[in-house]
Amino acid sequence: MKRKECVKVVVRARPLSSKEIEEGRKRIVEVDTTRKEIIIQNIKGDGNEAQRTFVFDEVFDMNSQQEQVYHNTALPIVESVMDGYNGTVFAYGQTGTGKTHTMEGKNDPPHERGITPRTFDHIIKVIEGTPNIQFLVRCSYLELYNEEIRDLLSPNHLTKLELREKPEQGVFVKDLSKIVVKSVAELNEWLKAGRANRKVGETKMNQESSRSHSIFTLTIESSEFGADQQQHIKSGKLNLVDLAGSERQSKTQAVGVRFEEAININLSLTTLGNVITSLVDGKSQHIPYRDSKLTRLLQDSLGGNTKTVMVANIGPADYNFDETMSTLRYASRAKKIQNNPKINEDPKDAMIREFQEQINKLKDELARKAGGVIGPNGQIQKIKEQVIEVEDDEELTELQQKAQKEKADLEQQIMQQRRQSTLQEEEKKQLQLKLKEKQKLEHNLKKEQENMHKKLQELQEQLLHGDKMKEESRQKEKELLKARMELEERSQQARRQAEELAKKEAMQMEQEQKYNSTKEEIEAKTQKLNNLIQKIKELKSQAQEQTQFRQRQKEELIEDNRESLRQLNLMNLIIEHFIPEDEEKRLKDKLEFSEEQDDWIIKEFEANPLKKPTSAFCFKRPICNFSRMAINFGDANPRYRPENILQTDLDLPQRMTEDFSLEPSQKIQEVLNVALNEDEEEQQMIQNEKQANVYIEDPSIINKEAILNPPSNPNKVRLQSAIKKNARRPQSGFKK
Ligand SMILES: Nc1ncnc2c1ncn2[C@@H]1O[C@H](COP(=O)(O)OP(=O)(O)OP(=O)(O)O)[C@@H](O)[C@H]1O
């Protein structure tokens, strides 16, 4: 039978940070852990209502330990996931209030580890304590940044992924990596690797602020042989969600990229708020899940078939009053969301079934090769005179022994034949060949079996099961947990009953009140009236607060809208002035609006850019601009080239010079010689002059070398060699 249950909401208040203490901020939040209440001083009220009180399923004060938070929030959900339910734990709150601290915490010291790493320990511990059930654990990790989904465990973690929906599967992310994991260490490694890919940045409110929403998902499939001798598969999915912080631009002073991030964060959180409101007011026909990717991803967790716990994180300082109130209201509303959790039994897409089928196939193959059959329990059985169960390794040895015996027999035969010397050479050769073939076959068989064993072992290793020793302690732990949860449930019930009793007593007292005199009656009634007036004032102030909050939200949205409009105008201006009209049209034709993604996308490029476009019957094949240009340049047969700038050769400017290819005439040669001689004489004169100056300055230096070997004229040498070579300039122009 389906049982409805409400989203569990817990609130955690962090301590004042050292910065807040330095700045002399006042603490305005009180946490009453026995009554499970958060009391916040109304520093903005009109004085009628000094404080506001909110009651939740669980509250944690600034001294709360990570272990305590895990035990009272995530642990019951993790237990349910192991039983085949879907579960979600998500942290919500203003930026810098401790969402990441609650979900992930720190690895060092170990007691600072948050919900996610503690969940890993717990899951593997449960598996180890359940020997009769096979488990398959897979993990995935995604982030939602600026309304784009990215796979944090993929080497291409910047690639955008798409959201898809199928009736039997619900909403899912296409191509998201799902990694099979076998140990706590592996899970921690993947968490670390994914975290390194996550978008974080510094804001005024938090040095290491998560700028994206992140979801770490664990899928746990289990397979068990029931009393009916049938295999039963269950599959539970656990989402561990760390939302980006809700924030006000004015406070975070976000600009540029941070501003755009903030707009997207706020937009998705506003949609989340709208979804929560629509779910709890009961009147809405339409729940706006499709308004943001975040709400689509959390669709099953809010009003779906999932067990959900929301951890609302708040700051205790006075300057965060508005945000803390907003978080508390949000959380209060979320308490009323009802879900319909159910066990996922025998899911069609269970991976564990595929694994088991592969394992059985391999075992079957191995058994066949060894001349046996596969038993009903999946073990290889070998048939001799009677059915004997044989271990895989034993079979291998037996096979090897058999092969060896055959080899020895053959060798003996050869020896015998040699001894007798009656066999002809040909037969001998044939026997040797046969032996070689047999050896080869043997070797291949051995190799094949080794490979199959390896594969079998690999597959079996992926499936996890526990050992008997740990089962007992696990059972005890489970009982303890059950008792603790029952106790918790009872104490909550007692608290609710006490509250109701107190209310009833107050009403009874009012009714039973007898008045001794008119004066007394007037006094009592005046008191009652005053109480009622006080209550009205309280309600009015609450309504006023709500209106103010809505007004603020509206103003922020208008401001966001204005900024987006500014950006849009800028883009339009750029398009209008810098992009030609036909180009704009061409680009627009390449885009289309995807209803599924609720965004513009580039149409899939169907044509093969390297294939010639086909011509219509009786028409000429279309010619691209490039070919047209080539024809203008005199190319009679221009090849087709795609309109891809990367594959197009550059157009070089038209050549204005000619190659000098003739030998100079006799006359020119003479003129050149005269010119060069004159030049040489001039050079010689300059040289002599320089030399004379050197002697005048220092007559002791006489460079005999210089006088004996005057330097040759470099210009002459260069020109002559140029003429001799009749050098050609490199060709330039249109390249075919
Ligand atoms: N309960 C707590 N006890 C001690 N320190 C805490 C607690 N909660 C948060 N902090 C500290 O406050 C700082 C901000 O916390 P954290 O980064 O977890 O906030 P956040 O809500 O995830 O912020 P954002 O939304 O910007 O990512 C961190 O230095 C963290 O260690």
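Would you mind getting me the FRET efficiency between Lys620 and Asp589? Use the beta-carbon distance for r and R0 = 25 Å, nearest 0.05.
Computed FRET efficiency for Lys620 and Asp589 comes out at 0.60.
Modelled label-to-label distance, Cys6 and Glu357, 7 Å Cα→beta-carbon offset: nm?
4.5 nm
How large, in Å, is the stretch 537-604 by the Kirkwood hydrodynamic radius built from its alpha-carbon pairs?
Result for the stretch 537-604 stands at 15.8 Å.
What does the net charge come to around Met310 if you take all other residues with beta carbon closer than 10 Å to its beta carbon, with K and R at +1 and D and E at -1?
On the way: positive: Lys8, Lys335; negative: Asp57.
Within the 10 Å Cβ shell, the charges total +1.
Past 29 Å, Cα to Cα, is the threshold; run Lys348/Lys590; Lys335/Lys540; Lys363/Lys438; Lys106/Lys348 against it and keep the listed order.
Lys348/Lys590; Lys106/Lys348
Charges only on Cβ, +1 for Lys and Arg, -1 for Asp and Glu: so what's the dipole of the stretch 537-604 about the Cα centre, in debye to the nearest 20?
Approximately 540 debye in magnitude.
First measure r as the distance between the Cβ atoms of Asp228 and Glu168, then evaluate 1/(1 + (r/R0)^6) with R0 = 22 Å and state the FRET efficiency to the nearest 0.05.
Taking R0 as 22 Å, the efficiency between Asp228 and Glu168 is 0.30.
With the cut-off at 32 Å, tell me which of the pairs Lys166/Lys588; Lys307/Lys535; Lys36/Lys166 have Cα atoms farther apart than that.
Too far apart for the 32 Å limit: Lys307/Lys535; Lys36/Lys166.
Holding the Cα-Cα limit at 29 Å, pick out from Lys336/Lys554; Lys4/Lys237; Lys99/Lys293; Lys361/Lys407; Lys336/Lys476 the pairs that are longer than that.
From the list (Lys336/Lys554; Lys4/Lys237; Lys99/Lys293; Lys361/Lys407; Lys336/Lys476), the Cα-Cα distance tops 29 Å for Lys361/Lys407; Lys336/Lys476.
Kirkwood hydrodynamic radius, computed over distinct alpha-carbon pairs, for the stretch 65-311: how many Å, to one decimal? If you can, show how the numbers build up before the last one.
On the way: mean 1/r = 0.0532 Å⁻¹.
After inverting the mean inverse Cα-Cα distance, the result is 18.8 Å.
Between beta-carbons, use under 12 Å as the cut-off and find the net charge around Tyr141, counting Lys and Arg +1, Asp and Glu -1.
Combined, the nearby Lys, Arg, Asp and Glu give +1.
Can you give me the convex hull volume of the Cα atoms of the stretch 102-205, divided per residue and expressed in Å³?
Details: hull volume 15.1 nm³, N = 104.
Dividing the Cα hull volume of the stretch 102-205 by its residues yields 145 Å³.
Computed from the coordinates by the stated procedures, all read-outs in this text should not be read as laboratory data. This is a predicted model, so every value here is computed, not measured. We place every Cβ from the backbone using ideal geometry, glycine too, and count neighbours over all the protein chains shown.
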